[in-house]
Amino acid sequence: MAFGVTLEFQGLVPAACLTLKKDIVVSLFAAAGYTGFLLAVAKCWVFPTPFTFVIGIPAWMLLFFVGMAFAMGLDQLKKKNPEFRTQFQRFAKKLYLESDFLLIYPLYSAMFLTLSSHHQTAFVFVLPLIKMLLKKRMATVAGDIDDLIPCMVVSVNIFNALYQSKCMQNSGSMWTTAGIILIDTLQNLYSLRRLSKQVREVQALTGQSIGAKALLAYMLEQIDKPDQRDPEQPKSSQAARRTSVPDMSSESAEQSRLDTQNAIVIRKFLQLLWACELLLLVEYIETKIPFMYAAYLVTLAQLPNAKYYPGMEQFSSARLTSVAMSIVVYGCLELFSLFCVHLTLKRRFKFSALHQLACIFEGEWLILQGTVMGWVVILLQFTVVHYGKSICFFIVKLA
């Protein structure tokens with residue numbers, strides 16, 4: 001977990017100039033200190049310690065930032081670099097917001113477990129509202145750096161996808177799985193509808209269809225020809241203008257108008273590419289997580305330490321097969337959704353989804369890999385009995 005967060009720090013705070021060696025050292029320092037702190041609390045108080053994550057996360061954050069300070073060097077911190085300060089504040093806000101996930105989603109999970117199967121299916125529709133609000137908050141953390149929004153917002157999608165898989169494990173109802181799939185389908189259709197709306201806006205600005213040529217090629221053509229004339233204007237009019245005495249004021253006003261129009265078209269294209277990038281990244285994550293969780297669940301059931309995970313000891317072979325198949329079916333439908341998005345982008349925009357995904361992973365792999373590593377380690381171990389009773393336990397008991 002610590003190594004994943006250090007990778008995120010290296011990606012979000014490039015001004016810190018961290019290396020892989022320093023990342024490993026900081027990770028070992030934070031992990032060792034965190035483990036020692038929990039051992040001391042357990043020895044002085046009780047084991048398992050209630051609310052282990054709630055108690056331990058502040059200590060882990062303190063150790064992590066102390067380790068980072070020594071890794072970067074105190075001299076660099078004293079320089080008060082404005083760029084470093086801005087990047088560090090953005091990372092800290094992201095980390096604090098992600099710590100809220102450990103309270104919000106367990107509360108949702110606890111309420112989910114108290115409901116009957118039919119009510120659980122209805123309660124699943126609350127998940128998109130939580131995800132939407134958290135994504136909006138995460139987008140505000142990114143500030144005016146639009147390129148960072150997809151790789152930061154995807155943290156919410158990873159957490160949400162893992163919890164959806166958890167809900168299917170705890171419920172075991174096909175109706176719950178169907179509800180989750182229906183929600184994702186509606187979200188995908190809404191996203192594609194927004195993309196189509198953006199394309200129509202660009203077509204309205206240019207006065208022509210871009211379906212016959214590649215999206216990127218058209219945008220590059222706009223950039224290479226900033227002084228192009230209005231495509232609606234007849235050639236005879238342009239020729240007549242060249243043979244007549246030019247009106248300098250009208251020429252200047254016309255050129256300014258065309259330059260402004262060209263800038264608007266380019267900005268719309270960039271917004272469209274950004275929306276495609278975000279949609280593809282979300283679809284990829286929501287395809288990957290269910291398969292990973294199903295493999296983890298089947299593997300865990302065969303291990304002797306499965307008894308330390310609440311509910312796993314009650315899993316019969318038939319129940320395990322049913323739950324795993326539900327999650328796999330969910331993953332297959334997400335994979336089909338990703339394939340449909342790819343075909344839509346390819347046919348409608350002449351746009352390669354695979355190339356765009358590769359571009360995202362190449363440019364932001366530190367942030368994405370760090371986010372996946374951190375959340376997977378936390379969530380898959382969240383219910384271990386060694387972490388003590390959590391908020392979920394007390395809510396379930398009260399219900």
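No value in this document is a laboratory result; all are computed from the given coordinates. If you're wondering where the values come from, they're calculated on a predicted model, not measured in any experiment. Every residue, glycine as well, gets a Cβ built from its backbone with ideal geometry; the counts of neighbours run over all protein chains shown.
Structure notes:
- Isotropically averaged projected area of the range 36-85, using the convex hull of Cα atoms (one quarter of hull area), nm²: 4.5
- Charge context of GLY331, other residues only, Cβ under 13 angstrom, K/R +1, D/E -1: -3
- Nitroxide proxy distance, nm - points 7 Å out along Cα→Cβ at VAL385 and ARG137: 3.3
- Cross-link pairs exceeding 24 Å between alpha carbons, from the set LYS22/LYS93; LYS166/LYS288; LYS93/LYS288; LYS21/LYS136; LYS135/LYS307; LYS94/LYS346: LYS93/LYS288; LYS21/LYS136; LYS135/LYS307; LYS94/LYS346.
- Neighbours of MET168 by Cβ distance under 13 Å: Lys/Arg scored +1, Asp/Glu scored -1, total 0.
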